[in-house]
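A.B. asks: Dumping the structure here so I can ask a few things about it.
The values are calculated or read from the model by the stated rules, or taken from the named source; none is laboratory data. Predicted, not measured: the structure shown is a model, and the values here were computed from it. Methodologically, a virtual Cβ is constructed for each residue, glycine included, from the backbone with ideal geometry; neighbour enumeration extends over all protein chains shown. The accessibility values were calculated without ligands, DNA or RNA, using every heavy atom of the protein model including side chains. Shrake-Rupley method; radii C 1.70, N 1.55, O 1.52, S 1.80 Å.
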Amino acid sequence: MENVPVGKVSVEINSRYGRIKDKFMGSYGKKPDYYARASGRVNLIGEHIDYCGYSVLPMAIEQDVVIAVSSNDSGRLQMFDINDLSINKEKPVWHNYFLCGLKGLLEHCKVTSPKGLQCVVDGTIPKSAGLSSSSALVCCAALVTMHANGQALSKKELSDMCAHCERFIGTEGGGMDQAISFMANKGTAKLIEFNPLKSTDVELPEDVVFVISNCCVELNKAATSHFNIRVVECRLASQIIAKTKGLKWRDFKRFADVQKALGLTLDEAVTVVKEILHPEPYTKEEVCGILEVTADELAQTSLSANTLDVKTFKLHDRATHVFSEANRVLQFKRTCDLKPADASVVLGNLMNDSHTSCRDLYQCSCNDLDRLVDICCQSGALGSRLTGAGWGGCAVSMVPANQVDSFIKSVTEKYYGKDDRLKEKVTKNLFATQPGGGAAIYVE
Ligand code: NG1
Ligand code: MG
């Protein structure tokens, strides 16, 4: 099993690492022992299906989290973030994600007397934008803690461990972000499969470029229940399908397991959804009636702490999204492998269908993001869709390589140019990207 690479980094004056080193020396009066990095990602297709057990297709981006570290025997954790010392009571604070990675690693490796750490954290991933700044921080913190305490986990073990420990924050996410952060290789997107975790290179067409654009509506997932409501709706739909088909429904939490137990193809699963679930929202009472449980039992078997008061659940549309989106991921991968003459058109259509499904069936978009996706399509994208959890944040667009400049010009004018507050943000929020590399440790 492969481990995270250790390499050399240049810390020349005015380089990124040089500035981080300066800050570290200014804060602690000595040089860091080493640096760790973990990247953000853009998900090309396969949204809100990782926690249902289905494969997704992301690539790492260049933007990342870097932590400079020195360890000691003080038993204390000290850190500074160069960019963000703001304090906002409404939002869970960023350093909680660091603590998730730290605590996760120490528990996993049963470290009894952990090293003290002095850290400087520097991040370049836009926050609450669906580019996985949170997981990059969790993964980087786990990596730092592993290295400081003389532990050696493989990339796979780290991915699984970090998917688990990011849930300390309260959101019940899947494992996509942590897996791509560790397993990415420069130059290639990845198909990430779960249970067991596996990553396979996906060669993207050479005549297209992926462009990220942020609608600049921020949603902090850990501060709202939007995300967990979707996770719970998927769980309830799985359990109702399982019970109706005579399975022991309490054993099921994810669509992929129900599909497997029933021996269905993804197309057949969509048909089963139509037969079993109604499009109107289910009340909690109706769900309890079908599963033959009390509200308290339902809380135990199926709900999360922040969804206990939810009164209605949309099951039909969420289930239809998941099974059809899982199918689109497989078609996307197959098209990249087979390289038909019209590959980029096929891939673009799959991305457009994915956005429509996220918007209408999964209802995880927002007006500004929909407007941005429309503008991207009018500006020459072959396909465009929201990426990450949604309700704000970024769209990813597939653009013919020879039209990237005109695409960026058009989106700048039509989306960012119309609003003075957005105008000044355009360079950090609209950019072309290439598949980046995975997590690493660097020494000078
Ligand atoms: P972002 O938007 O990066 O936080 C979240 C989940 C993913 C996945 C996507 C939706 C976490 C850490 N990440 O991503 O696992 O479910 O939403 O496809 O919860
Ligand atoms: Mg996140």
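A.B. asks: Choose one answer from Val138, Val258, Val272: the residue with the largest mean-square fluctuation in a GNM of the chain with alpha-carbon springs under 10 Å.
C.D. replies: Val272
A.B. asks: Net charge near Leu347, counting Lys/Arg +1 and Asp/Glu -1 over other residues with Cβ under 13 Å of its Cβ?
C.D. replies: -1
A.B. asks: If one computes P(r) from the Cα atoms of the range 342-404, what percent of pairs lie at distances over 20 Å?
C.D. replies: Summing the P(r) of the range 342-404 above 20 Å gives 20 percent of all pairs.
A.B. asks: Sequence neighbours fewer than 8 away in the same chain don't count; with that in mind, list the lysines whose C-alpha is under 21 Å from Lys156.
C.D. replies: Candidates past the 8-residue exclusion: Lys103, Lys110, Lys186, Lys190, Lys198.
A.B. asks: In nm, to one decimal, how far is the Thr265 label point from the Thr188 one, both placed 7 Å along Cα→Cβ?
C.D. replies: My value for the distance between the label points is 2.9 nm.
A.B. asks: If the chain between Ser27 and Ser15 were fully stretched, how many nm would it gain, using 0.36 nm times the residue separation less the Cα-Cα distance?
C.D. replies: Here the segment from Ser27 to Ser15 would lengthen by 2.5 nm.
A.B. asks: In terms of modelled amide H atoms, which long-range or inter-chain residues lie less than 5 Å from the amide H of Val208?
C.D. replies: When sequence neighbours closer than 5 places are left aside, the close amide H contacts are Ala401.
A.B. asks: So for the pair Asn220, Asn149, with labels modelled 7 Å out along Cα→Cβ, what separation do we get in nm?
C.D. replies: For Asn220 paired with Asn149, the spin-label model returns 2.8 nm.
A.B. asks: Still on this structure, please answer the following. With each label point set 7 Å from Cα along the Cα-Cβ vector, what nm distance links Asp251 and Glu62?
C.D. replies: 5.0
A.B. asks: Let me ask something else about it. Among rounded, prolate and oblate, which fits the chain when a ≥ b ≥ c are the square roots of the eigenvalues of its C-alpha gyration tensor, a/c under 1.5 means rounded, and a/b larger than b/c means prolate?
C.D. replies: Taking the square roots of the gyration eigenvalues as a ≥ b ≥ c, the chain is oblate.
A.B. asks: Taking 0.36 nm per residue of separation and subtracting the Cα-Cα distance, what length does fully extending Asp420 through Asp73 add?
C.D. replies: Using 0.36 nm per residue and subtracting the Cα-Cα distance, I get 119.9 nm.
A.B. asks: Quick one: angle between helix 266-276 and the longest Cα principal axis of the chain, in degrees between 0 and 90, rounded to 10, please.
C.D. replies: It works out to around 50 degrees.
A.B. asks: Students often forget the sequence filter, so: which lysines lie under 18 Å Cα-Cα from Lys418 once same-chain residues fewer than 8 apart are removed?
C.D. replies: Lys409, Lys428
A.B. asks: A follow-up question, please. Among residues other than Ala148 whose Cβ falls under 10 Å from its Cβ, what is the net charge (Lys/Arg +1, Asp/Glu -1)?
C.D. replies: With Lys, Arg at +1 and Asp, Glu at -1, the neighbours total 0.
A.B. asks: Sticking with this structure for a sec: So what's the angle, to the nearest 10 degrees on a 0 to 90 scale, between helix 367-378 and the longest Cα principal axis of the chain?
C.D. replies: Result, in degrees: 90.
A.B. asks: Can you give the accessible area of Asp405 in Å² (nearest 10), computed on protein heavy atoms with a 1.4 Å probe?
C.D. replies: Using a 1.4 Å probe on the heavy atoms, I get roughly 130 Å².
A.B. asks: Please determine, in degrees from 0 to 90 and to the nearest 10, the orientation of helix 16-28 with respect to the longest principal axis defined by the Cα atoms of the chain, where the helix direction is its Cα long axis.
C.D. replies: Compared with the principal axis, the helix lies near 70 degrees.
A.B. asks: Pulled fully out, how much extra length does the chain show between Lys428 and Gln331, if you take 0.36 nm times their separation in residues and subtract their Cα-Cα distance?
C.D. replies: 31.7 nm
A.B. asks: What FRET efficiency, computed as 1/(1 + (r/R0)^6) with R0 = 25 Å and r the Cβ-Cβ distance, is obtained for Glu286 and Asp309, rounded to the nearest 0.05?
C.D. replies: Computed FRET efficiency for Glu286 and Asp309: 0.90.
A.B. asks: Run the reach check for Lys31 against lysines, Cα to Cα strictly under 21 Å, same-chain hits fewer than 8 apart removed. What comes back?
C.D. replies: Qualifying lysines at Cα under 21 Å: Lys8, Lys21, Lys23, Lys115.
A.B. asks: Mind checking which of Leu262, Gln151, Pro196 is farthest towards the positive end of the range 128-269's charge dipole, using Cβ charges of +1 (Lys, Arg) and -1 (Asp, Glu) about the Cα centre?
C.D. replies: Leu262
A.B. asks: Now, a different point. Given an 8 Å cut-off on Cα distances and at least 6 residues of separation, report the relative contact order of the chain as a percent.
C.D. replies: About 24 percent, as a whole number.
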